[in-house]
Each structure stands twice: as structure tokens, then as C-alpha cells.
Amino acid sequence: TTVYLNGTFLPQDEAMISPMDRGFLFGDGIYEVIPVHLRRMIGFKQHIIRLQTGLEAIGIAFDWSEEKWQSVLSKLLGLNKGDNLAIYIQISRGVSQKRQHGFPDNIQPTIFITCYPIKPPTNYLSSASKGLTLISQQDRRWRNCHIKTTSLLGNVLHYQNSQNQQVDECLLYNEQKQVTEASACNVFIVKNNHIYTPPLDSQLLPGITRAIIMDLITAKTTFGLTEKSISLDEARNADELWLTSSTRNIAPAVILDNAKIGDGKVGEVYKQINLLFNKHKF
Ligand code: PDD
């Protein structure tokens, strides 16, 4: 893999960062993941806008133009093979001489970009394909989950907890027992052919996949779509439940806490929306 680090393209195993980088010491940085299918970035502009918003939210001064992003990312793609890739961008506050909590003066952000293979969007239409299994967990992350920070310990522990219990992902809920998201995905449910997803606030990431799917539902289908809080009970009683992200695409879940979601099979609404989504991606 060829990566980009602070202005230079080089082999990934030759890319070196100081242990005094605040990304390493504090998780003091912002990241972004952009899916690439058939060499085309999906949602490029939206990902760059979210990255910029995150940087501003935590006070990292970094403002490449859209053209600069286009040229660096296209060059990176040109130097790497693969039809289905995720571009990973990380910008940390930078390297300082001493470990201190406060922002150092005149610090230069560290920018690192790599890419790795991901699966193409699958269609879960064949009877052989199974949906995901989930467990619910109380959301133990910090209170700014709308910021895509590299400090992912909460997410990592939630995910590992579900792996340890031999399920695919977790469904996180807040103190009011409302669903927030999964460890690295947004959530949609379907009830009586109406589609719901939690509204954007500081409890969840404004997913680009979420936004793309909402636009597709509104523009190309007659399904009702409502952003509203979803209680854990409503999730349990849903006909369908989907997880969405740049790397998972739309993934149907069929089991929650050992109980079937709907009839426990990949749902019919999912199949229609997923077809539209795959068409959008390719
Ligand atoms: N994660 N919620 C969380 C907590 C996430 O980490 C992600 C994405 C999403 C979905 O966002 P999007 O549709 O823009 O990918 C929701 C990425 C893929 C990751 O951490 O690897």
C-alpha cells in the first residue's frame, strides 16, 4: 500500500510518526472514511465537508480546497490497486515537544491517508445470505458522537463486547432507552412499511451513507420516511432493522438479543432500498 503522510507518498511500512504526536498520545484528531467502488469515490464532497466540520469543532486549523483533496486522493488511488477500497484520512493536532493537555502554540497538523480493500455492496437477495446478529448495549461513549474523532475507545470496546458474545454488532441505546447507533454504523428500522431513523444530534454520527439512503428513499420510492427517536422496544418490535456505513453499505440485521427481528429473515423493504443503493454506487 502506498500512503500519504505530510506531503509525501511512500510505502505504508516506511511511514513514520513521532510518539509525541497528539493523535497517539490523546486521540486528538479527526478521521474520515470514503468508500471507493470501481475507482469512483462515493459521496466525496459530503465526506470532505464532514471532515472540515469536525476539524473546526475541535480547533484544528487545516483547510485544503476541494481541488487539493481531489488531486491528493486521485493520486493515492492511482498508486494503489483495487476496485473496492476505503480511503482512510486522519488529521491529528500534530507533534509537540512535551506532553501537555492544552493545545500547543504553532503546532502543525499531521495528515495521514491510506486505503484498504472493502467488500463491494452485496445483495442479500439470495437465500444463502444471512443478516447480521446484534446485542443491545447501553451507549458508554462520550457526549460528542457527532464528531468523527480518532478517540474511538468507546466504540472499540462496544464492538469487541459484541464480538466476545459472538454477534456481529451492537445496538447502542442512551439513558432514555432510545437507540443511538451501532459501534460504527447508523440505524434504520422499518415498521408497517414506514422507514424510521434517529434524528441527528450529538448522540450519533451524521452518516454519509445515512444521508444518501434518505435522499434515495425520498426521491425514488413511495415509502414514508421519518427521522424520530426510536426506543429500544420499537427496535425490538420492528419488522426490519438495518445498519448503514461507508464500509458495510446497508446491512440487514435479523437477530437482536437472541430474538428474531420481524420474521428473522432479510426484509422486503430492505431488498428494494438496497437495489436502489447499489445502483447509486455503481
Ligand atoms: N464508520 N456511526 C459511527 C459511529 C461510525 O463510525 C460510522 C462510520 C457511521 C456511518 O457513517 P458513514 O455512513 O459516513 O460511513 C456511523 C467508519 C466507516 C469507520 O469508522 O470505519
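The values are calculated or read from the model by the stated rules, or taken from the named source; none is laboratory data. Everything numeric in this text was worked out from a predicted model, so none of it was measured. FYI the Cβ positions are ideal-geometry reconstructions off the backbone, even for glycines, and counts take in every protein chain you see.
Some notes on this structure:
- Sole exception among (1) away from the ligand (no atom under 16 Å from the Cβ); (2) among the hydroxyl-bearing types (S, T, Y); (3) within 26 Å of I42 (Cα to Cα) for T197, by number: (1)
- Of the strands (runs of 3 or more DSSP E) lying entirely inside segment 1-69, those containing at least 1 residues that are more than 16 Å from the ligand (Cβ to nearest atom) are 2-5, 8-11.
- Filter result for I118 (surrounded by 15 or more Cβ atoms within 10 Å (Cβ to Cβ), touching a residue at least 24 places away in the same chain (Cβ under 8 Å) and touching a strand residue (DSSP E or B) at 6+ places or on another chain (Cβ under 8 Å)): yes
- Any hit, segment 148-168, residues being of a type in the set (V, I, T), touching a helix residue (DSSP H, G or I) at 6+ places or on another chain (Cβ under 9 Å) and assigned by TED's automatic domain parsing to the domain that holds D239: yes
- Qualifying residue in segment 85-95 (condition: under 20 Å from N249 (Cα atoms), within 12 Å of the ligand (Cβ to nearest atom), in the same structural domain as A182 (by TED's automatic domain parsing) and of a type in the set (A, V, I, L, M)): no
- Residue in segment 270-280 that is within 22 Å of H146 (Cβ to Cβ), within 13 Å of the ligand (Cβ to nearest atom) and out of contact with any Asp or Glu (no Cβ under 6 Å at 6 or more places or on another chain) present: no
- Check on K81, loosely packed, with under 14 Cβ neighbours inside 10 Å, within 16 Å of the ligand (Cβ to nearest atom) and over 21 Å from N144 (Cβ atoms): no
- In segment 236-259, residue farthest from V36 (Cα to Cα) [restricted to those that are among the small types (G, A, S) and within 16 Å of the ligand (Cβ to nearest atom)]: A253
- Some residue of segment 154-175 being among the small types (G, A, S), under 24 Å from H280 (Cα atoms) and either modelled with pLDDT of 95 or more or more than 15 Å from the ligand (Cβ to nearest atom) (or both): no
- Considering segment 46-97, the residues that are in contact (Cβ under 8 Å) with a residue 40 or more places away in the chain and of a type in the set (D, E, K, R) include one that is farthest from T2 (Cα to Cα), namely R50.
- Which listed residue, of T226, T222, T247, T180, is assigned by TED's automatic domain parsing to the domain that holds N155 and without any contact (Cβ under 8 Å) to a residue 12 or more places away in the chain: T222
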